[in-house]
Each structure stands twice: as C-alpha cells, then as structure tokens.
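Please read the structure below before turning to the comments.
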Amino acid sequence: MTLRDPKSLPLVALGASLVLAPLAYLVSTLVAPPLESDDRVQLAQMAGHPDRTYLFALFTVIGSILLLPAVLGIVRLLADRAGWLGYLGAGLTGLGVLVAIGDSFGLFWDWQMAEGGNRAQMASLLHRFDAAAGVSILFTIGGFGIMLGCVLLGAALWRADAVPRLAAAALPVGAIANIVGFASNSRVVLDVSAAILLVAFLPVARRLVGRAEAPRAAARRPLPGTP
C-alpha cells in the first residue's frame, strides 16, 4: 500500500478517522477549562481561559465530525456479515452523530458569550437555550440514537466476530460514557470515554488498513509456475 495506490485511500481514511476521533476528544478534554454545571460559573471559567475554551470547542467539533467516517468504517468492516443489525446500528449512530456535530458547534457560541456582554444576561440566555423544548428534544434524540446505535453496532461486531470481544463491548460503553460525561460536565468521565472508544476503534482501524494492504500484497505474490 502506497499513496500512489488510490484504491487503498478510502480504507486508510476510514481507519485514520477511527483513531483520530477519540484522540481529538481526548485532547479536547485535556485542554478544556474547568467544566461546571452552573451556567454563570461556567461562563466565568471560560472567560478566564479563552484560549483553552477555543481549543476545547475546536477539538470537540473535530472529534464529532470524525465520528461520522468512523461509523462508516465499522459498517465497511461488517459489510454483509451482520445483516440488519449492523445497518440499523450505523443508521441510528449516524443520526446521533449529526446532532452531536451541531451541538458541538455550540461551544463556539459559549466561547463568544463568555468573552463579552453582561455575564448574568449571557448565563440566562444560555440556560434558556439549553432548556428550550425545541432544542433539548433534538439533543435527546441524538443522544439516544448514539447510545442505542452503538449498542447495536457493538452487538453486530460481537456476533460477526469481526474484532476482539473486548473491542466490541467497549464501543457501547465508551459511547454511553461520553454522553454521560458531557451531561455531567465531568472531565474525568470524558477522558475515560475517549480512552475506551480508542480501545474499541483501534482493532477496526487495523482490519481496514489490513484490507487496504491485501490487494497489493497479492499483486506482488508470484503466479504458480513462475520463477
């Protein structure tokens, strides 16, 4: 496999996304300002650490975006080995990831709200936005989509014996822990969830890259009867 072999690039790109997505999440929480449940206190923390807040938002967005090709990579690995279980899980997870991408961009809004304006008014606006039924129901649907979808994807990986059982079980655990971490504003839980997702994704990435290398290795193999 080389960069001159275009047929290998899609699998390599999907494999890379499986590794980079949890790493981006891990970096985002490592650089994040202290996370608080009270909106006014949270904005104060962000105002005190504007650069860290921006990096937290940036790497969270990057991690969320990379989750979409990561899900496609899992589907590519499963192919027809898991039937409807894998496709249904991927569909639900993909829907949840799209919502998560939109949600993660809201961190840039928080970053700017913390930078200026009346702190009490900004905190009140942030609270109203988070509590608005028309917004919260979308985030709730997205969160449940990711959790249920990853449970089905983990079951599909387990059933198809496509990766080690530990990786298959780690997928739903890491996804659920990630959502719990954001909901509880816990950097520790977010760090743990990123590590668990990396454990789940690495074997899938290795299998995909291995598939990309297989055709080239076969092409180098001499034909029977040739010197």
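The values are calculated or read from the model by the stated rules, or taken from the named source; none is laboratory data. In this text, all values refer to a predicted model and were calculated from it rather than measured experimentally. As a convention, Cβ positions derive from the backbone with ideal geometry for all residues, glycine included, and neighbour counts pool all protein chains shown.
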Subject >> Among (1) at pLDDT 90 or above; (2) buried (at least 19 other Cβ atoms within 10 Å of the Cβ), the one test that Val151 misses >> reply: (2)
Subject >> Qualifying residues in region 54-83 (those that are outside any helix (DSSP H, G or I) and among the aliphatic types (A, V, I, L, M)) - the one modelled with the highest pLDDT >> reply: Ala79
Subject >> Asp5 being buried (at least 18 other Cβ atoms within 10 Å of the Cβ), at pLDDT below 90 and charged (D, E, K, R) >> reply: no
Subject >> Conditions (1) surrounded by 15 or more Cβ atoms within 10 Å (Cβ to Cβ); (2) modelled with pLDDT of 90 or more; (3) in a helix (DSSP H, G or I); number of the one not met by Asp51 >> reply: (1)
**OP:** Would you check which residues across region 171-203 are more than 13 Å from the chain's Cα centre (by Cα) and of a type in the set (Asp, Glu) and list them?
**Re:** none
Original post:
If the Cβ limit is 9 Å and pairs must be 6+ apart or interchain, which residue in region 90-111 that is within 17 Å of Gly174 (Cα to Cα) pairs with which residue that is among the hydroxyl-bearing types (Ser, Thr, Tyr) and surrounded by 18 or more Cβ atoms within 10 Å (Cβ to Cβ)?
Top reply: Val97/Ser64; Ala100/Ser64
